[in-house]
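FYI, it's all coordinate maths here, none of it is from the lab. For clarity, every value in this text was computed on a predicted model and none was experimentally measured. Glycine also receives a Cβ, built like all others from the backbone with ideal geometry; neighbour counts cover every protein chain displayed.
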Amino acid sequence: MELRQLEHFIAVAEELSFTRAARRLHVVQSGVSAAIRSLERELGCALFERTSQQVRLTGAGAALLPEARATLHAAQAAQDAVRAAQDTLRGTVNVGAMASVEVVDLPALLGQLHARHPAIDVRLRLATTGSAGLAHALLGGDLDVAFLSLPEHKPAGIDARELATVPLVLVVSAAHPLAQRGAVALADLAREPFVDFPPGYGNREVVDRAFAAAGIVRRVALEVPDIDMGAALVRHGLGIAFLPAFVVARTPGLHVLDVLDVHGTMLRWSMHLGTSSTRRPSSALRALLDLVDLHVIAL
């Protein structure tokens, strides 16, 4: 079994397409197909179910995938050790983040990493399914590090460090009837339409948990994965929202109301730095982690 075969297998498994895998690997499709056939012959089983419409993993293929990723990670670690001894860091770091979170100046962080170690390649993935999707990708080996919001009980297999905690404040438009009040209870909001992030995002989970603990059903009328868009929708009277406090200062036309959750404390949302607790970080990943604290923004 060759590392090249495993690399081709992982690409097909993640892309679920021989064509896209070949494009990703910068090889011809026939080369990918040949590598997979050779691996299947060596293992004595089919790794993919192929039809004219789709490609999907067999049970054997699904069992091989995490082991193949672990093998490539181990091989990369061996290469990193040799390169570190030669004072040259190389490798690839797969980074996941949420598009509208400003706790970390991600462009500056990646720019400094490139300036210090130009031979390190960075692959950046912005979340389309929130922190839950980033955590899943981190556990599956698609990501090496993720900037995400984790629940109180973080998933097994993830090491997480809190980077910042931000208050979530209730905002309404300046013209909303509630704007005449200084404070409200959660029960006062049961009939109000909310603007919120989709399920899977950390701030959505915080608010959902508070309402569930209070036994109150709320109505989420609009779901948007962008903080500034959410603030703009509230400003134009399309709903109310719990948003990070730092958004209010830059969005005119919003009114903040005091709300206490069921524990008598303000709702808070936290940003974490997540890595795998089961895979040894590569030298390239450690180089990035060493720079993170320099780019955490005080909000």
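How do T275, T92, T251 rank when sorted from fewest to most other Cβ atoms within 10 Å of their own Cβ?
Least crowded to most crowded, the residues run T92, T251, T275.
Quick one: longest stretch of the chain between exposed loop GluC sites (Glu not before Pro), exposed meaning at most 13 other C-beta atoms within 10 Å and loop per DSSP? Can you show the working numbers first?
On the way: sites that count: E2, E152.
Longest stretch, sites excluded: 3-151.
Using Cα pairs under 8 angstrom and six or more residues apart, how large is the relative contact order of the chain, in percent? Display every interim value, and only then the final one.
Values: 509 pairs, mean separation 67.0, N = 299.
The normalised contact order for the chain reaches 22 percent.
Once the piece of chain linking R37 and A60 is laid out straight, how much longer is it, given 0.36 nm per residue of separation minus the C-alpha distance between them?
Full-extension gain reported as 6.9 nm.
Can you tell me the orientation of helix 130-140 relative to the chain, as the angle in degrees between its alpha-carbon axis and the longest Cα principal axis, to the nearest 10?
The angle comes out at about 20 degrees.
Could you give the size of the charge dipole of the chain about its Cα centre, using +1 on the Cβ of each K and R and -1 on the Cβ of each D and E, expressed in debye and rounded to the nearest 20?
440 debye
Testing the spin-label approximation: label points 7 Å from Cα along Cα→Cβ at A183 and D226. State their distance in nm.
Result: 3.6 nm between the two label points.
Between beta-carbons, use under 14 Å as the cut-off and find the net charge around P151, counting Lys and Arg +1, Asp and Glu -1.
Combined, the nearby Lys, Arg, Asp and Glu give 0.
Please pull out the direction-averaged projected area of the chain, using the convex hull of its alpha-carbon atoms, in nm² to one decimal place.
Numbers: hull surface 74.1 nm².
Its average projected convex-hull area is 18.5 nm².
Quick check for me: using +1 on Lys/Arg Cβ and -1 on Asp/Glu Cβ, what's the dipole size of region 1-86 about its Cα centre, in debye to the nearest 20?
240 debye
Got the relative contact order for region 164-270 handy, in percent, Cα pairs under 8 Å and 6 or more residues apart?
Computed value for region 164-270: 48 percent relative contact order.
For the chain, take the longest principal axis of its alpha carbons; what is the angle in degrees between that and the long axis of helix 3-15, to the nearest 10 within 0 to 90?
Once rounded, the angle reads 40 degrees.
Under a 5 Å amide H to amide H cut-off, with H placed in plane at 1.01 Å, what residues pair with L163 once short-range neighbours are removed?
Excluding prolines and chain starts, which carry no amide H, the hits are M271, H272, L273.
Going through region 156-247, which trypsin sites (Lys or Arg not before Pro) have at most 16 other Cβ atoms within 10 Å and a DSSP loop state?
R181, R191
Across region 52-69, in residue order, what do the Karplus-derived ³J(HN,Hα) couplings come to in whole Hz, using 6.51 cos²θ - 1.76 cosθ + 1.60 with θ = phi - 60° and x for Gly and Pro?
Using θ = phi - 60°, the values come out as 5, 9, 7, 10, 8, 5, 7, x, 5, x, 5, 5, 6, 4, x, 5, 5, 5 Hz.
Mind checking which of P252, L72, V27 is farthest towards the positive end of the chain's charge dipole, using Cβ charges of +1 (Lys, Arg) and -1 (Asp, Glu) about the Cα centre?
In the chain, that residue is V27.
Put +1 on the Cβ of every Lys and Arg and -1 on every Asp and Glu Cβ in the chain; which of G96, M1, G130 then has its Cα farthest towards the positive end of the dipole?
Most positive-ward Cα: M1.
What list do you get for L289, L126, L25 if you sort them by fewest beta carbons within 10 Å?
The fewest-first ordering by Cβ neighbours comes to L126, L289, L25.
Per residue of the chain, what 222 nm ellipticity follows from adding -39500 (n - 2.57) for every DSSP H run with n ≥ 4, rounded to the nearest 500?
Computed ellipticity for the chain at 222 nm equals -12000 deg cm²/dmol.
Taking the Cα centre of region 88-213 as origin, sum charge times position over the Cβ atoms of Lys and Arg (+1) and Asp and Glu (-1), and report the length of that vector in debye to the nearest 20.
Here the size comes out at about 160 debye.
Which one, L150, F18, T58, is farthest towards the positive end of the dipole of the chain when Lys and Arg carry +1 and Asp and Glu -1 on their Cβ?
Among L150, F18, T58, the one farthest towards the positive end of the dipole of the chain is F18.
Output wanted: per-residue J couplings in Hz (rounded whole) for region 226-242, from phi through Karplus 6.51 cos²θ - 1.76 cosθ + 1.60, θ = phi - 60°, x for Gly and Pro.
Each residue of region 226-242 in turn: 9, 5, 5, 5, x, 4, 5, 5, 5, 4, 8, x, 8, x, 10, 7, 9 Hz.
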